[in-house]
Amino acid sequence: MCSGTIFALASGSARAAIAVLRLSGPAAGPAVAALCGGTLPAPRHASLRRLRDPCSGLLDRALVLWFPGPDSYTGEDCAELHLHGGRAVIDGVAGALTEAGLRPAEPGEFTRRAFLNGRMDLVEAEAVHDLVAAETEAQRRQALRQLEGALGALYQDWAERLRGILGYQEALIDFPDEDLPPEVEAQLLTTLRAVGGELRGHLNDAGRGEKLREGLFFAITGAPNVGKSTLINALAEREVAIVSDIPGTTRDALETRVVLGGVPVTLVDTAGLRQASDSIEAEGVRRAIARAEDADLVMVVVEAGSASCDPTPAEAANRLLIANKADLGLPGPDGGLRISAKTGLGMDELRARLAQVARAMTESNGPPPLTRARHRAALLEAAQHLDAAEHADLAELRGEDLRLAMRALGRITGHVGVEDILDTVFSRFCIGK
């Protein structure tokens, strides 16, 4: 991994007018020059060239861009070939590059090289993946904010402040008999508590960044025949679930992805909650209860005119009571949002309410939010060491906990001890990025 010169299609495999082939490594320049007849274009200037293979002749007429390192995406010599998008053209150029000694890139290998060559930290590298995978405007904004370094800068600031007070701590350890000013230890403890408080505040964010990145789960629950399947079809604007008057039609959890308030949301239609008539329906009811317990929001559907009834377990998340079949003219129940999933009555209000909930669960107006479980685990570890340092009885123990807290922060940005997680991080990337 990360040896030799690599190439990959960076524009996706779908048929298109233009296909972008990206190269990176020490042999990128000679390989492109050979295709172009011996000369490279001026750096960072697009040049229209005929690409030729010594064996098969003319391959294509393409735009060629040359990015000499270290001022390139990966920090190495790089090039881009903007080819015509036909499969035969792409295969022909790829074959010529393979014959020249280049190899196809692994998933995420371009960005991994950028990280290893100091072009970005690990948090920014992860943001590249998030930006490519972004489905909504809100996800795009969060990924761009992280890619611009805001999150990495926050973690690096904490590490630098801890490094500063570690110098004070080392002085207290090395010169115990010296009359060091009392302000030294006071300043040390003040900074330690400040960083610890900021870090714990960052952790106490209700998982907003992670929820926006991964999406929310809204479960639709209720008794049989209250219109749950009709509701999920209306919200998804397509036929997701079978609609039937026969109770117990939905036996398993059906899922569909929608966007509400700029946030990706998975809607889950669950089996009707009642005393099951057979073992298959009983399993569906069990799964419905489990999904309600794990959901970010439970949409409890009842029929208009019925007494308010919430069949979801007490451990379930936030609830929204929805009185369906309001087109029949029946009142109540109290506190329920009256809709008719069949006719569309009240659906605009319901969509607006769901969008409001989704935004409230994911919006962050302060520092950039946490976006990954990996970050959260490292920050929890750092917080534990800072707490131990604050209450340490011996100066040597405090110094060790400060070092361990800094090491945990460094693992997030990739400055220390990350070799064991690089394969996990970059294996999720697409080819060519």
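The values are calculated or read from the model by the stated rules, or taken from the named source; none is laboratory data. No experiment lies behind these values; they were computed from the predicted model shown. So basically every Cβ, Gly included, is an ideal-geometry build from the backbone, and we count neighbours across all protein chains shown. Areas reflect the complete protein model, heavy atoms only, side chains present, ligands, DNA and RNA absent. Shrake-Rupley method; radii C 1.70, N 1.55, O 1.52, S 1.80 Å.
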Legend entry - Residues being surrounded by fewer than 23 Cβ atoms within 10 Å (Cβ to Cβ), within 21 Å of residue 358 (Cα to Cα) and modelled with pLDDT under 85 - total across region 292-311: 2
Inset, instruction - Would you be able to tell me the number of residues in region 35-55 that are of a type in the set (D, E, K, R) and without any contact (Cβ under 8 Å) to a residue 12 or more places away in the chain? - result: 0
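Which residue out of 111, 74, 98 is open to solvent by 20 Å² or more (accessible area, probe 1.4 Å) and of a type in the set (S, T, N, Q)? Before the answer, list the steps.
Working: 111 fails: open to solvent by 20 Å² or more (accessible area, probe 1.4 Å); 74 fails: open to solvent by 20 Å² or more (accessible area, probe 1.4 Å).
Only one candidate qualifies: 98.
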Inset, instruction - Quick one: which helices (runs of 4 or more DSSP H) lie wholly within region 1-120 and hold at least 1 residues that are closer than 19 Å to residue 132 by Cβ and touching a helix residue (DSSP H, G or I) at 6+ places or on another chain (Cβ under 7 Å)? - result: 109-116
Inset, instruction - Would you confirm whether any residue within region 160-180 is under 28 Å from residue 386 (Cα atoms), touching a Leu at 6+ places or on another chain (Cβ under 8 Å) and in a loop (DSSP other than H, G, I, E, B)? - result: yes
Inset, instruction - Restricting attention to region 13-27, report how many residues are closer than 16 Å to residue 101 by Cα and either free of Cβ contacts under 8 Å to residues at least 60 places away in the same chain or open to solvent by 50 Å² or more (accessible area, probe 1.4 Å) (or both). - result: 1
Inset, instruction - Go through region 348-369 and count every residue that is in contact with a Leu (Cβ under 8 Å, 6 or more places away or on another chain) and either closer than 21 Å to residue 266 by Cα or of a type in the set (Val, Ile, Thr) (or both). - result: 10
Legend entry - Counted residues, region 331-390 - those being over 30 Å from residue 233 (Cβ atoms), in contact with a Ser or Thr (Cβ under 9 Å, 6 or more places away or on another chain) and surrounded by fewer than 20 Cβ atoms within 10 Å (Cβ to Cβ): 1
Inset, instruction - Give 370, 404 a once-over and let me know the one that is under 27 Å from residue 125 (Cα atoms), assigned to a loop (DSSP other than H, G, I, E, B) and among the aliphatic types (A, V, I, L, M). - result: 370
Inset, instruction - Output the qualifying pairs, or none if there are none: Cβ atoms under 9 angstrom, residues six or more apart or on different chains, first residue in region 67-83 and more than 13 Å from residue 5 (Cα to Cα), second residue of a type in the set (Ser, Thr, Tyr) and surrounded by fewer than 23 Cβ atoms within 10 Å (Cβ to Cβ). - result: 67/73; 82/11
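Which ones in region 391-413 are free of Cβ contacts under 8 Å to residues at least 24 places away in the same chain and either touching a His at 6+ places or on another chain (Cβ under 9 Å) or surrounded by 22 or more Cβ atoms within 10 Å (Cβ to Cβ) (or both)?
Of the residues in region 391-413, the ones free of Cβ contacts under 8 Å to residues at least 24 places away in the same chain are 391-394, 397, 400-401, 404, 407.
Scanning region 391-413 gives 400, 401, 404, 407.
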Inset, instruction - Would you please name the residue that is modelled with the lowest pLDDT, looking only at residues in region 194-205 that are assigned to a helix (DSSP H, G or I) and loosely packed, with under 14 Cβ neighbours inside 10 Å? - result: 201
Inset, instruction - Filter region 240-269 down to residues that are at pLDDT below 80 and either part of a strand (DSSP E or B) or over 21 Å from residue 302 (Cα atoms) (or both), then give me how many there are. - result: 1
Legend entry - Selection from region 206-230 of residues that are closer than 26 Å to residue 336 by Cβ, modelled with pLDDT under 90 and open to solvent by less than 20 Å² (accessible area, probe 1.4 Å): 219, 220, 221, 222, 226, 227, 228, 229
Legend entry - Single residue of region 321-330 satisfying the filter (open to solvent by 20 Å² or more (accessible area, probe 1.4 Å) and either of a type in the set (A, V, I, L, M) or part of a strand (DSSP E or B) (or both)) that is modelled with the lowest pLDDT: 330
